[in-house]
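Q: Below is a structure I'd like to ask you about.
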Amino acid sequence: MNSIKSFFTLVLAILFTIVASSLNAQTYSKNGMVVSSNNSSSEVGAAILKKGGNAIDAAIATAFSLAVTHPSAGNIGGGGFIVFMNSEGKTTTIDFREKAPLAATNAMFLNKEGQLINGINHETAKAIGVPGTVAGLYLAHQKYGSLPWKDLIQPAVNQAKNGFAFNWSLFKAATHFTEEGNTNAFMDGYFRNEKGLIVQPGETWIQTELAETLTLIRDNGRDGFYKGKTAKKIAAFMKKNDGIITKKDLAKYEAIERKPIKGTYKGYDIYSMPPPSSGGVALIEMMNLMELADLKTMEFNSAEHLHVVAEAMRRAFADRAEHLGDPDFNLNMPLNKLISKEFAQQRFQEIDMNKASQSDSTQFGRLYDSENTTHLSTMDKDGNAVSMTYTLEYSYGSRLGSKELGFIFNNEMGDFNPQAGVTKSNGQIGTAPNLVEPEKRMLSSMTPTIVGKNGKPYLVIGSPGGRTIINTVFQTVLNVLEFEMPVDKAIEALKIHHQWLPDYIVYEKHLLSPDTRKVLEAKGHTLRERNNMGALMGITYDAEKKIFTGASDSAQPDSGAVGY
Ligand code: GLY
């Protein structure tokens, strides 16, 4: 009898593991959920929840772990944003966007003729913004964490020190940076083992120097990064490589708690990131336009539906380009107007359902944004929720770093508008709010978002993808709220992107039938196909039944939702 009982216990335990942790599939749980770009990092976050940690603790532990397991975007050398809603619906945000160093000027990226020097704002040490991640996570912990700081960093220290199984995404990057020669000395050594060979899939990848840096952060909090040994090494690296970040820049860096951007959609409350991210403002403006669009009368993904969605995107991106930048430097941004229902009425009247508008290429717009960033969503047993997106800008950021520090620096300075007054139809923007100034934060598209239902967190969502972030989050929120899709379907549904300039709709392969293409082209749209956009990590919460549903995007092969 006992053996039968233990057999069933074993079967149940296996089933529970399958149900509570899965790669790229919808996962259900009763006590909390963590969804991130790397399943082992989601497991780190879920273990923190099991230990009694809250959603903030889980997000911090997951984020430090991603700096080890997902270094293309998970980081301590970059920056990002947290949106936090507690179980009572009280919502706040933490801005840990990188800042321009004190010595930064707009001219440092231009030649004598005032033209942008190709690559300088993305591929040199001058492209590195003062990192914000450690300060942001530390502030989040001080204000809203519950477990000791050390407990949240230790799993990442362990993963770096003892290693973890090298996955296929890392191997692909390793091949790119070494065998294919797309490299510098730092990246060439980055993915090599002690024998100097490229780490192979499944092999344990150890990052000794990163473990040491993380240990200093574990033991000294934010000072473990912004002061002492780490700061000294960062400043020495900058000096040697013609970078401009100094020890003073590091010591002065502060993360900031800011009021979220809030909008509504048919009874739901939508909370997202305010400037210096443009994500929240653009999202709310588009959701307001959708409220006016009478979507119920349109077939999902019909030409009519996609036309009105694209026209909303065109307008929100034009407004983004014209008005948005760091709020500490742009005191009069018309945020309340941009997210108001009245403004949406005005904007909506400009939409002709039969004809695409023309984006005016003599004015604003920009195309070439990073596609590389990462999002994580967490919820705890009490129903507190965290939506966090952070980034190095490009995949593996500037691809610059020092071996003795073990982490990669961002190239976020490339998110500033490079040439004042120069806006090109290819997408470069030259508007004033986002020009380089010392200590300014560069405008972002990151859109960590939490939707509230009856005053409680309902949907936690976000994505990587440069400017496409805003539109993938927008369509996913719409898929859940308007089209009542479960979160995995909402994430996987194929999507479009329009960013005002260049003036075309980008669509994910297989979304458009030839008939739909014809109708959209007849309306005046230019269409461009691409394989994939974004990698959404989402949770929905049924507050009555207390059930968490987590889902990660199949576009991110090593991602996973882990609940318990
Ligand atoms: N670096 C991408 C973003 O912040 O939008």
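The values are calculated or read from the model by the stated rules, or taken from the named source; none is laboratory data. Please read these numbers as outputs of a predicted model, since none were measured by experiment. Positions of Cβ are backbone-derived with ideal geometry, glycine not excepted, and every protein chain shown enters the neighbour counts. For accessibility, only protein heavy atoms count, side chains too; no ligands or nucleic acids. Shrake-Rupley method; radii C 1.70, N 1.55, O 1.52, S 1.80 Å.
Q: Please list log₁₀ I(q)/I(0) at q = 0.09, 0.18, 0.21, 0.22 Å⁻¹ for segment 261-386, using the Debye equation with identical point scatterers on the alpha-carbon positions.
A: One equal scatterer on each Cα of segment 261-386 leads to -0.30, -1.12, -1.35, -1.40.
Q: How big is the antiparallel share of DSSP beta bridges in the chain, given as a percent to the nearest 5?
A: Percentage antiparallel, nearest 5: 90.
Q: At 1.4 Å probe size, what's the solvent-accessible area of residue 283? Round to the nearest 10 Å².
A: The accessible area of residue 283 comes to roughly 0 Å².
Q: Report Rg (one decimal) and Dmax (nearest whole number) for segment 236-276, counting Cα atoms only, units Å.
A: 18.7, 55
Q: How are the C-alpha pair distances of segment 402-511 spread across 10 Å bins, as whole percents from the shortest bin up?
A: Histogramming segment 402-511 at 10 Å steps yields 12, 31, 28, 23, 5, 0 percent.
Q: When the chain is fully extended, how far beyond the present Cα-Cα distance does residue 425 get from residue 223, taking 0.36 nm per residue of separation? Don't skip to the end; give the middle numbers.
A: Details: separation 202, 0.36 × 202 = 72.72 nm, distance 4.40 nm.
Length difference between fully extended and current span is 68.3 nm.
Q: Measuring with a 1.4 Å probe in the full set of protein chains, what accessible area per residue, in whole Å², belongs to segment 121-160? All intermediate terms of the calculation are to be shown ahead of the outcome.
A: Details: 1240 Å² over 40 residues.
Averaged over the residues of segment 121-160, the accessible area is 31 Å².
Q: Further, regarding this structure: For segment 201-287, run through the trypsin sites (Lys or Arg not before Pro) and keep only the ones in DSSP coil with at most 16 other Cβ atoms within 10 Å of their Cβ.
A: Values: sites: 218, 222, 227, 229, 232, 233, 239, 240, 247, 248, 252, 258, 262, 266; in loops: 222, 227, 266.
Here the trypsin sites (Lys or Arg not before Pro) that fit, given the DSSP loop and packing criteria, are 227, 266.
Q: Still on this structure, please answer the following. How much accessible area per residue does segment 198-262 have, counting only protein heavy atoms and a probe of 1.4 Å, in square angstrom?
A: On the way: 3280 Å² over 65 residues.
It amounts to 50 Å² per residue over segment 198-262.
Q: For residue 354 and residue 483 in one chain, what is 0.36 nm times their gap in residues minus the Cα-Cα distance, to one decimal in nm? Don't skip to the end; give the middle numbers.
A: Details: separation 129, 0.36 × 129 = 46.44 nm, distance 2.33 nm.
Extra length available between residue 354 and residue 483 comes to 44.1 nm.
Q: Leaving ligands, DNA and RNA out of it, report the carbon-plus-sulfur percent of the accessible area of segment 468-530 at a 1.4 Å probe.
A: On the way: 1140 of 2350 Å².
Ligands and nucleic acids excluded, carbon and sulfur reach 49 percent.
Q: Stokes-Einstein at 25 °C, 0.890 mPa s, Kirkwood radius from Cα pairs: D for the chain in µm² s⁻¹?
A: Reported coefficient: 104 µm²/s.
Q: How much area per residue is accessible in segment 470-544 when the probe is 1.4 Å and only protein heavy atoms are counted (Å²)? Don't skip to the end; give the middle numbers.
A: Working: 2850 Å² over 75 residues.
Ligands and nucleic acids excluded, the figure is 38 Å² per residue.
Q: While we're looking at this one, here's another question. Hey, any idea what % of segment 111-185's accessible area is carbon plus sulfur with a 1.4 Å probe?
A: Values: 1820 of 3560 Å².
Using a 1.4 Å probe with all protein chains present, segment 111-185 comes out at 51 percent carbon and sulfur.
Q: Rounded, prolate or oblate: pick one for segment 133-243, where a ≥ b ≥ c are the square roots of the eigenvalues of its C-alpha gyration tensor, a/c under 1.5 means rounded, and failing that, prolate if a/b is larger than b/c, else oblate. List each step's numbers first, then the result.
A: Numbers: a/c = 2.43, a/b = 1.45, b/c = 1.67.
Since a/c reaches 1.5 but b/c is at least a/b, the shape of segment 133-243 is classed as oblate.
Q: Express the C-alpha Rg of segment 457-564 as a ratio against the empirical globular expectation 2.2 N^0.38 Å, rounded to two decimals.
A: Details: Rg = 15.3 Å, N = 108, 2.2 N^0.38 = 13.0 Å.
It is 1.18.
Q: Right, next: Using a 1.4 Å probe over the heavy atoms of the protein chains, calculate the carbon and sulfur portion of the accessible area of segment 266-368 as a whole percent. Display every interim value, and only then the final one.
A: Details: 1960 of 4160 Å².
Roughly 47 percent of what the probe reaches on segment 266-368 is carbon or sulfur.
Q: Moving on to the next point. Taking every pair of distinct Cα atoms and averaging 1/r, then inverting, what Kirkwood hydrodynamic radius in Å comes out for segment 210-328? Walk me through the numbers on the way to the answer.
A: Numbers: mean 1/r = 0.0551 Å⁻¹.
Hydrodynamic radius (Kirkwood, Cα pairs) of segment 210-328 is 18.2 Å.
Q: Can I ask one more? How large is the convex hull of the Cα atoms of segment 66-219 per residue, expressed in Å³ as a whole number? List each step's numbers first, then the result.
A: Values: hull volume 25.1 nm³, N = 154.
Cα convex hull per residue, to the nearest whole number: 163 Å³.
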